[in-house]
Amino acid sequence: MKHKIHLTVYLFLIWQLLAVAVHNDIIIPYPLATLLRMFEMLKSSSFYITLFITLSHVVIVVGISGIVAFGLAYLAYRVKIVEEYISPVLSILQAVPNISFVILVLLWASSLQTVYIVLFLVVFPLLYHHFIAGFQNIESDLRDVIRLYQPPFFDKMFHVYLPLIMPNFLSGMKSALSLGVKVAVMAEILAGLPYGVGRAINFARIQFDMIGVFSWTLWLVIMILFIDFLLNKLIHKE
């Protein structure tokens, strides 16, 4: 913890030195001005609405992706040929630049649909690979016990397999939520969505309001770190 505090202080000192050297808010705003703007944002209801909109996009898509990825990973775990076909395809999807997804999907979908589709294409492969690794790491003795008792399907899914792969599940959700926030903001900007954090950052950029851009960026960093903190607590409890 002490090292993280020291690192944060050093980064702010470097930022302050750069701001003094450049002495131009349009290029690098001063840290104090940015922090003051961040506190001003907290007084505005639109700040919370904007954050909620972007976060809701991420939570909805990660939730749907998690359900689909869990089901597909279980199928691939039980039927090896499914895993042999699915894993290479999803690996290729992960190799495609996110911006390419946005540009291609925008040709066929609306701005909001583009955000959802791009988010799904990015986080679904990530979750699948975490989940299939969890299934494959189940010890053979436990597999034999499950086959012996043959619990009902939904009991087996949610009371047997899910607890067994919980570390992989939480790790995957942590990565998906963190990545999802960044991809959602990028997709909102490129798709021209009229609301959300992406729209706020893009509007600040157009107005040459770099203090606004830095402020929103720092709030996103804080939000991602907070999500990581909560999920790390859950992971370490397992």
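Restrict the check to the range 72-86 and report whether at least one residue is in a helix (DSSP H, G or I), assigned by TED's automatic domain parsing to the domain that holds Leu164 and either closer than 30 Å to Tyr195 by Cβ or among the small types (Gly, Ala, Ser) (or both).
Yes, because at least one residue in the range 72-86 is in a helix (DSSP H, G or I), assigned by TED's automatic domain parsing to the domain that holds Leu164 and either closer than 30 Å to Tyr195 by Cβ or among the small types (Gly, Ala, Ser) (or both).
Go through the range 133-165 and give me each residue that's touching a residue at least 12 places away in the same chain (Cβ under 8 Å) and either under 18 Å from Gly71 (Cβ atoms) or loosely packed, with under 11 Cβ neighbours inside 10 Å (or both).
Hits for the range 133-165 are Ala133, Gly134, Phe135, Gln136, Ile138, Ile146, Met157, Val160, Tyr161, Leu162, Leu164, Ile165.
Out of the residues in the range 16-66 meeting the condition of being more than 27 Å from the chain's Cα centre (by Cα) and of a type in the set (S, T, N, Q), tell me which one is surrounded by the fewest Cβ atoms within 10 Å (Cβ to Cβ).
Asn24
Kindly state which helices (runs of 4 or more DSSP H) lie completely within the range 112-216 and contain at least 1 residues that are in the same structural domain as Ile227 (by TED's automatic domain parsing), under 20 Å from the mean Cα position of the chain (by Cα) and within 30 Å of Ile27 (Cβ to Cβ).
166-191, 197-206
List, please: which pairs have Cβ atoms under 6 Å, are six or more places apart or on different chains, and start with a residue in the range 102-114 that is of a type in the set (S, T, N, Q) and end with one that is in a helix (DSSP H, G or I)?
That search, which allows pairs on different chains as well, returns Ser111/Ala191; Thr114/Val105; Thr114/Leu106; Thr114/Ala191.
The values are calculated or read from the model by the stated rules, or taken from the named source; none is laboratory data. These numbers come from a predicted model, not from an experiment. Every residue, glycine as well, gets a Cβ built from its backbone with ideal geometry; the counts of neighbours run over all protein chains shown.
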